[in-house]
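Working notes, structure below.
The values are calculated or read from the model by the stated rules, or taken from the named source; none is laboratory data. Here the structure is a predicted model, which means the values were calculated and not measured. Positions of Cβ are generated from backbone atoms using ideal geometry, with glycine treated the same way; all protein chains shown enter the neighbour counts.
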Amino acid sequence: MAQQRVIVVGGGLAGLAASVRIAEAGTPVDLFSLVPVKRSHSVCAQGGINACNEVARQQGYSEYEHFDETIYGGDFLADQHPVLEMANWAPRIIDLLDRMGVPFNRTNEGNRDLRLFGGSLFKRTHFAGATTGQQLIYALDEQVRRYEAEGKVSKYEFWEFLWPIIEDGKAVGIVAQDLRTMQIRSFRADAVVMATGGNGLVYGKSTQSVICTGAAAARCYQAGVWYGNPEMIQVHPTAIPGADKLRLMSESARGEGGRVWVPRKKGDTRNPKDIPEAERYYFLEERYPAYGNIVPRDIATREIFSVCVNDGLGVDGQNQVYLDLTHLAPDYLTKKLGGILEIYEKFVGADPRFSPMKIFPAVHYSMGGLWTTFTKGSYNPNDALTKHKSGSRAPINFDIGLGMQLGAPNNSMTNIPGIYAFGEVNFAYHGANRLGANALLSCIFDGLFCGVSVVNYIKNEAPSKKPADSVAQSVFDAAVASEQAKVKRLMDAVDPAGNRNVEVNPYAIGKELGDEMTAACTVVRGEARLKQCLGKLTELKDRYSRLKLADAATWTNQSMSYTRAMGDMLLIAEAIAKGALERRESRGAHYREDHTERDDANFMKTTRAVYDPASRTTTVDFVPIDASLIKPTARTYGKKEASAEPAKKPALAGV
Amino acid sequence: MISTFTNTDANSPLAAELAQRMANRKMAKEGRTIIFRIKRCDGPGKPSRWEDFKVPVPKNANVISCLQYIAANPVTAQGQQSTPVVWDSGCLEEVCGACTMVINGKVRQSCSCLIDDYAPGEGDVMTLEPMSKFPVIRDLWVDRERVFHNLKRVKAWVPIDGTYYLGGGPKESPQKQETRYKLSECMSCGCCLEACPQFNLEENKNEWDSAFIGAHAISQARLFNEHETGKQLKDDRLDVLMGPGGVNDCGNAQNCVKVCPKHIPLTESIAAIGRAVTVRAFTRFFKD
Ligand SMILES: Cc1cc2nc3c(=O)[nH]c(=O)nc-3n(C[C@H](O)[C@H](O)[C@H](O)COP(=O)(O)OP(=O)(O)OC[C@H]3O[C@@H](n4cnc5c(N)ncnc54)[C@H](O)[C@@H]3O)c2cc1C
Ligand code: SF4
Ligand code: SF4
Ligand code: FES
């Protein structure tokens, strides 16, 4: 029998970490990516990566506290056990990255420096300048290059994943296309790890890279993989508006002491530097005295939105607020935040060290993703703990296997055996809202911890039934033929029914999709608008089915790839809108103006979206979660009622 | 203004260029239309041709947003139906290195190239060409596999003992971290290679291991030689860099350092590796 192989689709942090772990176990890996893996979207991450550490520990922090923050931050929507395991593993991940040579910022004594991040009162975020994601992906890219040089990893860069091949209910390979030659072919594998990242492009402009269409996940979804919590889309409070992209201004700007404010007086056109303190409305600090500017993202976003849209206090009468760093020493800022401040200066033309930045929320991250399962670990307190706070630490240590059982084949596996989902495309860890600097952690955790599960699956489960190697070639040929037919359909002038009223511009559909989703499915959502949105999506799907490509090239046809992805994005958009419509409550990033309260009895459940191939639509139901470790409590972050009067200035975190 | 982060010497040509860009930015006219003159090529071995496109310039436009406009409206300035221009991009914030091309004769990232800086007036022309040191795939998209291949040549990684838990890495002073961080920002974009007179187009992969390796890989070798564990492979790296296509092929033209978007001290790296190679040559001479 030929050697078993694993396919990893995606070379961001999750895919690279998985490749390293699987190759290390002696299993050859075929690694697919739209772009050279070193250029994956993970390079964009700026702020850092969370983990309990010795300093925080001595101040009363613990892995358990990190777990607790993540559950609370996610508004009690995540299954709790995987989150516990991730938090317990976090310090080991930092140590490993450190050994790989990541240039983490250092203290005078040479220890790893730490910064404050949203949703925590402890410094537990590790960082490498203001380009932490770039530095982490480079370290993993280098390790993968080492395995590549040894022949254990084969890279397929500029290859697009088109379809998972499923035989007898199990993954046996994929269909992919070379984006240069446009060759479509199949690849055999005993397990397929999807690590394809987020879906920001569904919203047109977001903080994500241009390749983040979510199409790969949408294709698995159409092939029968369930999709979890599609409606949970994070809108980041601070981004820089741009013509092609909404560039992120990292939360680290606030973690290092940045303050968000607007002039108290409507239509105040003075230079911000001339507005005295008393006439500035530091609305986050006033409304959330404990957390101030570092409240979690969904909260900051809604407050900015309400100050601009409801109160009309936006700077220059537009939807924007000040993010102010000018009270901090320029040298300090250059050292801690140089990379991100340079982005602002480069694209806006003003130096944030000397004039306050103007920012507004933007679509940023998808908590939802392919649905996955896990095997519970050994930690099982008899009584669920009440909301945990430092001082009443849970009686556990950070041993391996308390949250999830190490090596259980189904960890982070989807409902289809042999298809795994790692990283942002996995719905598991962040519930209804992700805390800053927890994404990089979840990506690497998935790759390292669940990579072992993939190896065990192919050793113990896959071959006993039907190894990919023994599956008839006709299965693979049929899958290739089906993808070739889709391409032909887009190239031909007529739609499947033979109609001639063709639509020629995929970019127009893309723009309308982005505008519609941004208007209906972001900060504030409501029944009527969501229904209207679903109507619009039906119209776009219809127009899409009559599309013809302007570029008929059979060599390197980017419009082809974009247009194909558009069809898949429309289906994900529908799942997002349907999930948002059916979830008649407010939780985390999902805020319904017509159902403003959290409703645990009905909705402390995973939204499960299932694709129905016959009607080409989404059906949604709600499945219970395992919340046996921490009892849900109200998630207020100590909010005080808003007052127009200047409040006493709270102590500033981090300064 | 931009020079505040890059510590550019006020008298350098770079500072003058930045000043010019800032001046352009100030006088840029709103609502103008400019011309993109783009060098196009349908695929390897196919002839190149120039095509002009008229593009209306909104506020904050960059080269990418204009290429997106052309993709949605692929009609030339002469009114002829054409095809969307093909280009490579990713992050759109100058951190992935994908979108590198030659703009108005100079290699740089297209995502961070603001139109206001270069074409402030109505009807101004901007030219876009693919990099010339790498094979063209189509239009502005080139195949930079060699950039990554050369990282393998110098074993640009830390040879760790595997991913099992073995405690943390070595302690490091903040000064050392700053040096390594700077070197580690290299995004393999290839600007330094495009500008280098010693680095030439080489389509035959068999020649890659003897052709000039390039400033980026030399600098990466330095990065890993500076790391406590990375150092273990120092001799292997230096042996490659004193062989054919190694550091001695560098003519010290210093073009590389002038175009590096991340301001990596490439000439410093080249000098440091040059010295290390000399030392290594001596020790090898006495050992062999
Ligand atoms: C601007 C920004 C800043 C951020 N900052 C932070 C931060 O400070 N801390 C933090 O924790 N998180 C941060 N995040 C979130 C975090 O960066 C991402 O969630 C994370 O990097 C995702 O990694 P990934 O490995 O899942 O996917 P990605 O890095 O997105 O990689 C996806 C991979 O899949 C491949 N792929 C996709 N589709 C296909 C296909 N069809 N065929 C073949 N290959 C395909 C791509 O080529 C790519 O290699 C930030 C996000 C953004 C947008
Ligand atoms: S200094 Fe060396 S590497 Fe740099 S451009 Fe000149 S010849 Fe090339
Ligand atoms: S050294 Fe600079 S120019 Fe060369 S590849 Fe790296 S980032 Fe690009
Ligand atoms: S698109 Fe990433 S550097 Fe320009």
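Taking the range A:124-138 as the search range and keeping residues that are more than 8 Å from every other protein chain (Cβ to nearest Cβ) and touching a Gly at 6+ places or on another chain (Cβ under 8 Å), which one is surrounded by the most Cβ atoms within 10 Å (Cβ to Cβ)? The selected residue is A:137. Close Cβ contacts (under 8 Å, 6 or more residues apart or on different chains) running from residues in the range B:202-222 that are within 14 Å of another protein chain (Cβ to nearest Cβ) to residues that are part of a helix (DSSP H, G or I) and within 16 Å of ligand 4 (Cβ to nearest atom) comprise B:216/B:147; B:216/B:192; B:216/B:193.
Okay, residues lined up against (1) surrounded by fewer than 21 Cβ atoms within 10 Å (Cβ to Cβ); (2) within 12 Å of ligand 4 (Cβ to nearest atom):
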| site | (1), (2) |
| --- | --- |
| B:67 | no, yes |
| B:74 | yes, no |
| B:83 | no, no |
| B:91 | no, yes |
| B:94 | no, yes |
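Close Cβ contacts (under 6 Å, 6 or more residues apart or on different chains) running from residues in the range B:33-49 that are in contact (Cβ under 8 Å) with a residue 24 or more places away in the chain and within 11 Å of residue B:138 (Cα to Cα) to residues that are part of a loop (DSSP other than H, G, I, E, B) and among the hydrophobic types (A, V, I, L, M, F, W, C) comprise B:43/A:555.
The set of residues in the range B:234-288 being within 14 Å of chain A (Cβ to nearest Cβ) and within 16 Å of ligand 3 (Cβ to nearest atom) consists of B:261, B:262, B:263, B:264.
So if I check each of A:144, A:153, which one is closer than 19 Å to residue A:9 by Cα, in contact with a Leu (Cβ under 6 Å, 6 or more places away or on another chain), more than 10 Å from every other protein chain (Cβ to nearest Cβ) and buried (at least 21 other Cβ atoms within 10 Å of the Cβ)? I'd like the intermediate steps shown before the answer.
Details: A:144 fails: more than 10 Å from every other protein chain (Cβ to nearest Cβ).
None of the other options fit; the residue is A:153.
Does residue A:448 satisfy the criteria of being touching a residue at least 40 places away in the same chain (Cβ under 8 Å) and over 25 Å from residue A:603 (Cα atoms)? Yes.
Among the numbered conditions (1) assigned to a loop (DSSP other than H, G, I, E, B); (2) within 14 Å of the chain's Cα centre (by Cα); (3) away from ligand 2 (no atom under 16 Å from the Cβ), the only one that residue B:132 does not meet is (3).
Looking at B:188, B:210, just one residue is within 16 Å of ligand 1 (Cβ to nearest atom) and in a loop (DSSP other than H, G, I, E, B), and that residue is B:188.
Going by the structure shown, is residue A:45 in contact with a His (Cβ under 7 Å, 6 or more places away or on another chain), crowded, with 22+ Cβ neighbours inside 10 Å and at negative phi? Show your work before the answer.
Numbers: in contact with a His (Cβ under 7 Å, 6 or more places away or on another chain): no; crowded, with 22+ Cβ neighbours inside 10 Å: yes; at negative phi: yes.
The answer is no for residue A:45.
Only one of the numbered conditions (1) touching a residue at least 12 places away in the same chain (Cβ under 8 Å); (2) in a strand (DSSP E or B) is not met by residue B:15, and that is (2).
Check the range A:23-30 and report whether any residue there is more than 20 Å from the chain's Cα centre (by Cα), hydrophobic (A, V, I, L, M, F, W, C), modelled with pLDDT of 95 or more and in a helix (DSSP H, G or I). Yes. Against the conditions (1) under 25 Å from the mean Cα position of the chain (by Cα); (2) under 30 Å from residue A:73 (Cβ atoms); (3) within 14 Å of another protein chain (Cβ to nearest Cβ), residue A:335 satisfies every one except (1).
Based on what the data block shows, is residue A:205 surrounded by fewer than 24 Cβ atoms within 10 Å (Cβ to Cβ), within 11 Å of another protein chain (Cβ to nearest Cβ) and outside any strand (DSSP E or B)? When the stated conditions are applied, residue A:205 passes them. Residues A:597, A:585, A:512: which one is within 18 Å of residue A:202 (Cα to Cα) and free of Cβ contacts under 8 Å to residues at least 60 places away in the same chain? Being within 18 Å of residue A:202 (Cα to Cα) and free of Cβ contacts under 8 Å to residues at least 60 places away in the same chain holds for just one of A:597, A:585, A:512, which is A:512.
Being over 16 Å from residue B:151 (Cα atoms) and within 12 Å of ligand 2 (Cβ to nearest atom) narrows it down to one of B:283, B:267, so name that one.
Details: B:283 fails: within 12 Å of ligand 2 (Cβ to nearest atom).
The match here is B:267.
Pairing residues of the range A:176-199 that are within 21 Å of residue B:141 (Cβ to Cβ) and assigned to a strand (DSSP E or B) with residues that are of a type in the set (Val, Ile, Thr) and away from ligand 1 (no atom under 11 Å from the Cβ), at Cβ distances under 7 Å and at least 6 apart in sequence or on separate chains, gives A:177/A:184; A:184/A:480.
Residues in the range A:63-83 that are in contact with a Ser or Thr (Cβ under 9 Å, 6 or more places away or on another chain) and closer than 17 Å to residue A:401 by Cα: A:66, A:79, A:80, A:81, A:82, A:83.
Each row is one residue, and each column tells you yes or no for (1) surrounded by fewer than 17 Cβ atoms within 10 Å (Cβ to Cβ); (2) within 16 Å of ligand 2 (Cβ to nearest atom).
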position: B:23; (1), (2): yes, no
position: B:28; (1), (2): no, no
position: B:39; (1), (2): no, no
position: B:71; (1), (2): no, no
position: B:102; (1), (2): no, yes
position: B:115; (1), (2): no, no
position: B:120; (1), (2): no, no
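If I filter the range B:165-173 for residues that are more than 9 Å from chain A (Cβ to nearest Cβ) and out of contact with any strand residue (DSSP E or B) (no Cβ under 7 Å at 6 or more places or on another chain), do I get at least one hit? Before you say what the answer is, go through the steps one by one.
If we filter the range B:165-173 for residues that are more than 9 Å from chain A (Cβ to nearest Cβ), which is where we start, we get none.
No, the range B:165-173 has no match at all.
For the range A:505-522, the set of residues classified as under 23 Å from the mean Cα position of the chain (by Cα) and crowded, with 21+ Cβ neighbours inside 10 Å consists of A:510, A:513, A:516, A:517, A:520, A:521, listed by residue number.
Scanning the range A:541-569 for residues that are among the aliphatic types (A, V, I, L, M) and at pLDDT 90 or above returns A:560, A:565, A:566, A:569. On the stretch given as the range A:575-602, residues that are in contact with a strand residue (DSSP E or B) (Cβ under 8 Å, 6 or more places away or on another chain) and crowded, with 24+ Cβ neighbours inside 10 Å total 7. Of the candidates A:35, A:43, the single residue that is in a loop (DSSP other than H, G, I, E, B), touching a residue at least 40 places away in the same chain (Cβ under 8 Å) and under 23 Å from residue B:184 (Cα atoms) is A:35.
Would you point out the residue of the range A:20-34, among those that are buried (at least 24 other Cβ atoms within 10 Å of the Cβ) and β-branched (Val, Ile, Thr), that is farthest from residue A:93 (Cα to Cα)? Within the range A:20-34, the match that is farthest from residue A:93 (Cα to Cα) is A:29.
Cβ-Cβ distance below 7 Å, separation of 6 or more or different chains: which pairs start in the range A:249-266 with a residue that is over 17 Å from residue A:297 (Cβ atoms) and assigned by TED's automatic domain parsing to the domain that holds residue A:325 and end on one that is modelled with pLDDT of 90 or more and of a type in the set (Asp, Glu)? What qualifies is A:261/A:324; A:263/A:279; A:264/A:279; A:265/A:279.
If I ask for residues that are near ligand 2 (Cβ under 10 Å from one of its atoms) and either more than 22 Å from the chain's Cα centre (by Cα) or touching a residue at least 40 places away in the same chain (Cβ under 8 Å) (or both), which ones from the range B:223-259 would you list? Result: B:249, B:250, B:251, B:253, B:255, B:256, B:257, B:258, B:259.
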